[in-house]
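Derivation of every value follows stated rules applied to the coordinates shown; laboratory data play no part. What you see is a predicted model; the values in this text were computed from it and never measured. Glycine also receives a Cβ, built like all others from the backbone with ideal geometry; neighbour counts cover every protein chain displayed.
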Amino acid sequence: MATIAGCSVAAAVGAGPTGVLAVLVAGVAAGLLLTWRWGPAAAQVRVGAARADWVRAHPGAVLDPDGPASPQDVALALPRGWRVEEACGRLRLVVHDVPVRAETWVLRAAGGSRRAPRRREVVATDVPTGTARAWVPLRTSADSMLVAPAWAREAGAREPDWLPAVRARLQEHEDLPAALTIGDGRVVLLALDDPRPATTDARAALVRDIRLLLG
């Protein structure tokens, strides 16, 4: 791509100012087209449509309007250096009698950073956790967003007795890069956004299984 762009610019320069202007206009148009086809708004439409189809095929599932994310989910699972702008495509479902919620967090960098917005799917369920907290990453090397929450910097906490079983179950889970956070009465999976209904099914089954492990 860089070679093609370089050749195009060289040809345009040879053609004079008119050629340069034509290349710039074409570049802007191509950028706008890519944003329209693959940008955040397009991704939101794809995910929303997939979840609407999922609800139609699963009696009892409900789509809620977009809105703010749960403050408790955010306090527990939000990666350091980011803030949640909105929760989109909010889905409520039941997996073998366990209520599960799924939504897409639109994330923006905190503190004036110019990093581009990110989108991550959150799948969660409520469960008594006591005072224990844990953050368990899965395939972190492929996703720079999988940064531990701020509370994970706190040292000295004893590892919960259930953590080895949780790690083992997470390793069985075939998925895109993700991180599982447990504590504050909830289990929260944060992963790359994926519009495929099968992915939501698998993630919902995972958090349901983790809830059962915690008792």
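Some points to look at:
- Restricting the calculation to Cα atoms, the range 78-215 shows an Rg/Rh of 0.94 when the hydrodynamic-style radius is the Kirkwood one.
- Relative contact order (percent, whole number), the range 61-214, Cα cutoff 8 Å, 6+ residue spacing: 26 percent
- For the range 61-214, the Cβ-based charge dipole about the Cα centre amounts to some 500 debye (Lys, Arg positive; Asp, Glu negative; other atoms uncharged).
- Most tightly packed first, judged by the mean number of other beta-carbon atoms within 10 Å of their residues, the peptides 175-188, 46-59 read 175-188, 46-59.
- Between the residues Trp151, Ala168, Leu190, the greatest Cα displacement towards the positive end of the dipole of the range 61-214, with unit charges on the Cβ of Lys, Arg, Asp and Glu, is found for Trp151.
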